[in-house]
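Asker: One structure, as structure tokens, below. Some questions next.
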Amino acid sequence: MQFNIKNVVRPHILNLAPYSSARDEYSGKEGIFLDANENPIGSVTPENWNRYPDPYQWAIKEKIAPLKGCRPAQIFLGNGSDEPIDLIIRLTCEPKQDNIIILPPTYGMYEVSAAVNNVAIQKIDLTPDFQLDVDAILEAINSRTKLIFICSPNNPTGNLIQRESILQIIENFQQGIVVIDEAYNDFSDEPSFIPSLDEYPNVMVLQTFSKAWGLAALRLGMAFGQESLIQLLNKIKYPYNINGLTQRLLLENIDKTSFVIDSVATLNQNRQVLIEALSQLPIVEHIYPSDANFLLVRFTAAKAIFDYLIENKTIVRDRSKVVLCDNCLRISVGTTEENEVLIKYLQQYQ
């Protein structure tokens, strides 16, 4: 079967007439703007935010494209990565009919977004070493399967998914879209799938400015795919989904890639120091390999240790109830000082 986007998208969306905003009808920067019912006097804030922002964020996409090895038209910008996750489900899945495949333990929003959209979920657990069970995934695909979500490096486990396994899924799932979530890719040496999008039209890649770029509060996620897919996401998104302040701040700072390079190097070094310190603690049973800015660590009594750390205002994430993560805490890599405080409290734990 050859991939065809028209066979994947819900038919009524293919024929949907999207909302046309004022900035769709005139995208120029100069003139007397009497088309969008804005306040011409200004804003209640010291700076003027009275005009609607670019609904398609073209200036930002022109900057992102050379950084990611793609074309501006292959980029969708969302309110965090959660927006394109929700939109790709709404774009492709008929409620109560279609299904998606997720691979626990993995990022929780895939399941939540599917549930919100009343779309069935098939769960195929990762193997004990947190890799894809390719045969089980391919066997689970049925005529109503539209999406397969793969997170690599995976959250909450931190490890890279073997590229060969991902390629097997891509090559054998031509009836739908393989969504590869690369939120933590900056912390690994693994090449992104973004430059390969022309080769794999059934792939959508997710990345974010929240992690290595340090812009979590601005809520800006990225989705990459073939132009026809991105056009359809733009068709169903809210008209002005990325606010003007976020757009301006990113445009003013996106050339500061040295910060990203330096912070990744520092956090990866801090991660190694943290691994070495944790490995000396008798309460630590196993530290899983990580290519992300966090560690999954199995403790002797994870819930009790989690509560103890909370009492000492040191907050980690309890993942002990997640499949394959018994007695595990997820620990974000902090600054040198923050990591030292964590280790101090763990050394003092009785």
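Readers should treat all values here as calculations from the given coordinates under stated rules, not as data from a laboratory. Source: prediction; values computed, not measured. Cβ: placed from backbone, ideal geometry, glycine included. Neighbour counts: every protein chain shown.
Asker: Quickly run through segment 130-175 and pick out the residues that are closer than 21 Å to Asn7 by Cβ and part of a loop (DSSP other than H, G, I, E, B).
Answerer: Ile141, Asn142, Ser143, Arg144, Phe173, Gln174, Gln175
Asker: Test Asp181 against the criterion of being among the charged types (D, E, K, R), surrounded by 16 or more Cβ atoms within 10 Å (Cβ to Cβ), more than 18 Å from Phe76 (Cα to Cα) and within 19 Å of the chain's Cα centre (by Cα), and give yes or no.
Answerer: For Asp181, the condition - among the charged types (D, E, K, R), surrounded by 16 or more Cβ atoms within 10 Å (Cβ to Cβ), more than 18 Å from Phe76 (Cα to Cα) and within 19 Å of the chain's Cα centre (by Cα) - is not met.
Asker: Please find, among Leu296, Leu267, the residue that is in a helix (DSSP H, G or I), touching a residue at least 24 places away in the same chain (Cβ under 8 Å) and under 29 Å from Asp181 (Cα atoms).
Answerer: On inspection, the qualifying residue turns out to be Leu267.
Asker: While we're on this one: Within segment 20-65, take every residue that is touching a helix residue (DSSP H, G or I) at 6+ places or on another chain (Cβ under 9 Å) and of a type in the set (Lys, Arg) and give me the one that is nearest to Pro239 (Cα to Cα).
Answerer: Going through the qualifying residues, I end up with Arg51.
Asker: Another question, if that's okay. Can you tell me which of Ile101, Ile85, Ile89 is over 20 Å from Tyr238 (Cβ atoms) and not in a loop (DSSP other than H, G, I, E, B)?
Answerer: Testing whether each residue is over 20 Å from Tyr238 (Cβ atoms) and not in a loop (DSSP other than H, G, I, E, B) leaves just Ile101.
Asker: Only one residue in Lys61, Lys96, Lys6 is over 30 Å from Gln131 (Cβ atoms), surrounded by 18 or more Cβ atoms within 10 Å (Cβ to Cβ) and free of Cβ contacts under 8 Å to residues at least 40 places away in the same chain, so which one is that?
Answerer: Unique residue meeting the criteria: Lys61.
Asker: Restricting to segment 227-264, give me the number of residues that are among the acidic types (Asp, Glu) and without any contact (Cβ under 8 Å) to a residue 12 or more places away in the chain.
Answerer: 2
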